[in-house]
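Here the structure is laid out as structure tokens; the discussion comes afterwards.
The values are calculated or read from the model by the stated rules, or taken from the named source; none is laboratory data. The structure presented is a predicted model; accordingly, all values stated were derived computationally and were not measured. In this analysis, Cβ positions are derived from the backbone assuming ideal geometry, glycine residues included, and neighbour counts consider all displayed protein chains.
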Amino acid sequence: MTGKRHKFQIYFQILDEIQRDYLTEGTVKPAHVSYKVGVPYVRLKRYLEEMEKIDIIDETLRITEKGERFLFEYGRMMDFLSRMGMLKFNIPLEISIKLVQTTSLN
């Protein structure tokens, strides 16, 4: 990946890893999320605190309804920008495409 990531992209990647950990392991290991997202553990803790304050995760690192909505909408937006050739950097689009295809929101 080239260039500096925007905070929203990092939030998206953190939420995606949290979701993957719950689906595969049944629990979330912050050190694992830190490694997979590529941010130091200390910075991850700060991001998790911010994400809890804006109610996209709860204190047990579960993704809230608002967090699910963020995952869906951000993934949809990234998919659109990619198809339009408007992204300046690469993100794991298979994640956003998977979310758009599998998530149904009312």
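Data table
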{"quantity": "Set Leu48, Leu61, Leu44: member being part of a helix (DSSP H, G or I) and either modelled with pLDDT under 95 or in contact with a Leu (Cβ under 9 Å, 6 or more places away or on another chain) (or both)", "calculated": "Leu48"}
{"quantity": "Hits in segment 1-35 - residues which are more than 17 Å from Gly67 (Cβ to Cβ) and of a type in the set (D, E, K, R)", "calculated": "Lys4, Arg5, Glu25, Lys29"}
{"quantity": "Any hit, segment 73-87, residues being within 21 Å of Gly26 (Cα to Cα), within 13 Å of the chain's Cα centre (by Cα) and modelled with pLDDT under 95", "calculated": "no"}
{"quantity": "Yes/no for Val33 being under 13 Å from the mean Cα position of the chain (by Cα), within 23 Å of Leu87 (Cα to Cα) and of a type in the set (Val, Ile, Thr)", "calculated": "no"}
{"quantity": "Long-range neighbours under 7 Å by Cβ, at least six apart or interchain, first residue more than 21 Å from Met77 (Cα to Cα) within segment 9-29, second assigned to a helix (DSSP H, G or I) and not β-branched (Val, Ile, Thr)", "calculated": "Asp21/His32; Thr27/Asp21; Val28/Asp21; Val28/Tyr22; Lys29/Asp21"}
{"quantity": "Flag for Asp55 being among the acidic types (Asp, Glu) and not in a helix (DSSP H, G or I)", "calculated": "yes"}
{"quantity": "Within segment 14-41, tally of residues that are part of a helix (DSSP H, G or I), of a type in the set (S, T, N, Q) and either touching a strand residue (DSSP E or B) at 6+ places or on another chain (Cβ under 9 Å) or at pLDDT below 95 (or both)", "calculated": "2"}
